[in-house]
Protein chains: 2
Amino acid sequence: MLDLLPHIAELSRKTPSKILLVVLDGVGGLPQTPGGPTELAAARTPNLDALAQRSALGLLTPVHPGLAPGSGPGHLALFGYDPFTYQVGRGALSAIGIGAEFGPGDVAVRGNFATLAPDRTVQDRRAGRPSTEENRRVLQKLQARISEIDGVQIRLYTESEHRFVLVLSGENLGDRVQDTDPQRTGVPPLEALPESPEDAASAKTARVLNRFTQLAEEALKDEPQINGVLLRGASKRPAFPQMQEVYKLTPAAIASYPMYRGVAALVGMQPLEVRGEGDAPEEKLEALKAHWEAFDFFYLHFKKTDSTGEDGDFAAKVARIEAFDALLPELLALKPDVLAITGDHSTPAVLKAHSWHPVPLLLYGPYLRNDTATRFTEDEARKGSLGHLRGVELMPLLLAHAGKLQKYGA
Amino acid sequence: MLDLLPHIAELSRKTPSKILLVVLDGVGGLPQTPGGPTELAAARTPNLDALAQRSALGLLTPVHPGLAPGSGPGHLALFGYDPFTYQVGRGALSAIGIGAEFGPGDVAVRGNFATLAPDRTVQDRRAGRPSTEENRRVLQKLQARISEIDGVQIRLYTESEHRFVLVLSGENLGDRVQDTDPQRTGVPPLEALPESPEDAASAKTARVLNRFTQLAEEALKDEPQINGVLLRGASKRPAFPQMQEVYKLTPAAIASYPMYRGVAALVGMQPLEVRGEGDAPEEKLEALKAHWEAFDFFYLHFKKTDSTGEDGDFAAKVARIEAFDALLPELLALKPDVLAITGDHSTPAVLKAHSWHPVPLLLYGPYLRNDTATRFTEDEARKGSLGHLRGVELMPLLLAHAGKLQKYGA
């Protein structure tokens, strides 16, 4: 895949125009039964309909046809960072996802709680899927006993059920370390080893992880189920080119959940404070208004279109789309020069999961071709004047409509 | 980006069929006001309409969504050469653009006339944007005094205003030389240096450029405004694979302007003589007829759809489209086996500049799918049976319809 960012960095320029990118997480859907409406088609959305009639529509394949992207790759693509080029390690993505303290130089590792047999072979790689509460209880016990190994600070974070995140902070830590998770039962956990024996920094990380495994087993030896840990995906925080340099933007992120704030921060956005609980749509709008003058690019994220889809709750997803529709006039009142509304992937209620289907894209701003769209739906988007684009192609298009890209070549 | 040319070279074969590729420069447009017609939609084009009804249409994104390409990348893409892979240096593109004598081994450099302060710091990087006439006067003065440095021949060409082109001809000249243009005022011009000190050929070019700078300043010391030169983009003529080998074509270019003749020559086309002034549509047709038997691929370029767009003159662009429409029956009378009509980019009058919008593509020839298009417009093209293509994808399609491409793989 072509990495366009170096070219865009040559062509982009600072202008006063403002871009607002609204991501309705997982907004793309499917009919409940063949021929039926999707969630977007079933929703009553007078404001989106009116906007669609003044906008250009298209379909966006977030990452690649057939690939159902996670939030990380889906969002990186929307921000113009090809996720096949700009990779985030498993440990790093988890640390970002839970909002762990995770700075440059730190190494993040994904942990599984496991059940080990008396001979130390793995009996259950997920320790019977404990509750998240149980995870918290056990992790606190571990953190109380293990806070530092060989001068390296150990920070532990509950993710959910059997999953936790371990962050190592210290001097000269490498992240090229093999997993200790054997990926099967009946064998003991593997020893953490550096991928290359000459890599002293990764050898140090491996030593700390092996010591952590040993200390954890000692601390948990009286636990009935959770008596071992399996580690994988050691990775540092990636150092991606920043949107400030690549796009000459002053970008802000308005999102409630740590994952989205974290991914946005990776590409240089400033995550703004959002009050309120859960998806907090009104509070996000409040944050957008409060900071409107200070930034020229806003990523505004709404989560519940995805969560309701994952719950398989068609009606609840429709309700979340309608709730966004009700907010839309206040977004328009801010008069963004360019406004895009799309998703990071589809989450059809009928699938109860992220899917690979393209998402509809609405683009409102100057220099649009005529478009016959009457609503913001998958069907209308397919006929739209923007055609069919990839996720990574969105940012250059937004910059172009905002007058922020110079001509490529003479 | 995938470079398809090596694959195409394996699959292409010589046949008697003839392909005519008509490029209406910058033909893609925009409505003057939302909902209004584009230039193509506003034009009265009975011949194009009739042809569209027998053709297949599609939309072509010349280089990449959001990128407004210059003529160089736009045309290279139409010729099947991915412009991110087949790059032309700044100096080379300028030399080609003005029709400079610029052979293999020569090094072309872009020059700016500048105003230097008495302490030799740059006061104005564009010397107050002199007229092109003034540029010619000063450049003649320079050329009269500097025709050779250390056995290297110096040729100077006016581009426009403060811009000129310097071509060095001699033995063993390299082009990996840093710019002398400091890109800001208040500092002296930089010394030309080879990017790598071991590169003797580029070190030689750098020495010649430094000497040129010194001689130019001496020659211009009494000029009130133009008393210095800033140099950048040293580059040789790129050695691209030739259309003869890649496509097994015997290709000709019919274009009036040096830029288009030059880019066509880079990929192996023979630029044909065109009499007449300016865009010379009738004279181009005459050249096409005169050489119809001798070639099997013709690139036929019309410039004024772009120039009128850049002037912001919607009505004049419409008139140029209508003038092409009037010529069309004579093109069809030659009975090309495959005829494509498209643009190298859009130049909407409302933008007065190249834009990123896709261009309509009309394909006439055998083996077309059914298509409902009634006119050659952006709206009809969007619904066309060819779908939405990239510029570099056009040539394989033309070759296929002309029966010039064998099956790929067994």
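A single entry from B:261, B:232, B:211 fulfils the requirement of being under 30 Å from residue B:276 (Cα atoms), in contact (Cβ under 8 Å) with a residue 24 or more places away in the chain and of a type outside the set (Ser, Thr, Tyr): B:261.
Scanning the stretch B:241-259 for residues that are surrounded by fewer than 18 Cβ atoms within 10 Å (Cβ to Cβ) and part of a helix (DSSP H, G or I) gives B:244, B:245, B:258. In the stretch B:356-371, the qualifying residues are those that are assigned to a loop (DSSP other than H, G, I, E, B) and closer than 20 Å to residue B:51 by Cα, and the one that is farthest from the other protein chains (Cβ to nearest Cβ) is B:366.
Annotation: residue B:228 fulfils all but one of (1) farther than 26 Å from residue B:83 by Cα; (2) not assigned by TED's automatic domain parsing to the domain that holds residue B:135; the unmet one is (2). Inclusion of residue B:351 among residues that are surrounded by 20 or more Cβ atoms within 10 Å (Cβ to Cβ) and within 14 Å of chain A (Cβ to nearest Cβ) is warranted. Residues considered: B:396, B:329. Of these, the only one that is away from every other protein chain (no Cβ under 14 Å) and buried (at least 19 other Cβ atoms within 10 Å of the Cβ) is B:396.
Considering only residues in the stretch A:384-393 that are small (Gly, Ala, Ser) and more than 8 Å from every other protein chain (Cβ to nearest Cβ), the one that is farthest from residue A:69 (Cα to Cα) turns out to be A:384. State yes or no: is residue A:374 surrounded by fewer than 20 Cβ atoms within 10 Å (Cβ to Cβ) and either under 26 Å from residue B:40 (Cα atoms) or away from chain B (no Cβ under 13 Å) (or both)? Criteria met by residue A:374. When the stretch B:96-154 is filtered for residues that are β-branched (Val, Ile, Thr) and more than 29 Å from residue B:264 (Cα to Cα), the ones remaining, listed by number, are B:115, B:121, B:122, B:138, B:146, B:149. Counting only residues that are farther than 24 Å from residue B:134 by Cβ and in contact (Cβ under 8 Å) with a residue 60 or more places away in the chain, the stretch B:189-208 holds 1 of them. Number of residues in the stretch A:130-158 that are part of a strand (DSSP E or B) and either aliphatic (A, V, I, L, M) or over 29 Å from the mean Cα position of the chain (by Cα) (or both) equals 5. Looking only at the stretch B:106-129, residues that are assigned to a loop (DSSP other than H, G, I, E, B), closer than 26 Å to residue B:72 by Cα, over 21 Å from the mean Cα position of the chain (by Cα) and touching a residue at least 60 places away in the same chain (Cβ under 8 Å) come to 1 in all. Remark: pairs (first residue in the stretch A:388-399, closer than 18 Å to residue B:58 by Cβ; second residue in a helix (DSSP H, G or I) and hydrophobic (A, V, I, L, M, F, W, C); Cβ separation under 7 Å; 6+ apart in sequence or on different chains) are absent.
Looking only at the stretch A:184-213, how many residues end up being among the charged types (D, E, K, R) and either buried (at least 20 other Cβ atoms within 10 Å of the Cβ) or outside any loop (DSSP other than H, G, I, E, B) (or both)? Adding up the residues that qualify gives 3. In this structure, residue B:244 qualifies as in the same structural domain as residue B:275 (by TED's automatic domain parsing) and either modelled with pLDDT of 95 or more or under 25 Å from residue B:172 (Cβ atoms) (or both).
Matching residues to (1) crowded, with 24+ Cβ neighbours inside 10 Å; (2) not assigned by TED's automatic domain parsing to the domain that holds residue B:359:
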| residue | (1), (2) |
| --- | --- |
| B:69 | yes, no |
| B:84 | no, no |
| B:100 | no, yes |
| B:111 | yes, yes |
| B:128 | no, yes |
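All of (1) hydrophobic (A, V, I, L, M, F, W, C); (2) farther than 17 Å from residue A:123 by Cα; (3) out of contact with any Pro (no Cβ under 6 Å at 6 or more places or on another chain) hold for residue A:206 with one exception: (3).
Among helices (runs of 4 or more DSSP H) entirely within the stretch B:1-100, having at least 2 residues that are at the interface with chain A (Cβ under 8 Å from one of its Cβ atoms) and either among the polar types (S, T, N, Q) or closer than 27 Å to residue B:237 by Cβ (or both) singles out B:71-78, B:90-97.
The values are calculated or read from the model by the stated rules, or taken from the named source; none is laboratory data. In this text, all values refer to a predicted model and were calculated from it rather than measured experimentally. When we count neighbours, we look across all protein chains shown, and the Cβ atoms used for this are built from the backbone with ideal geometry, even at glycine.
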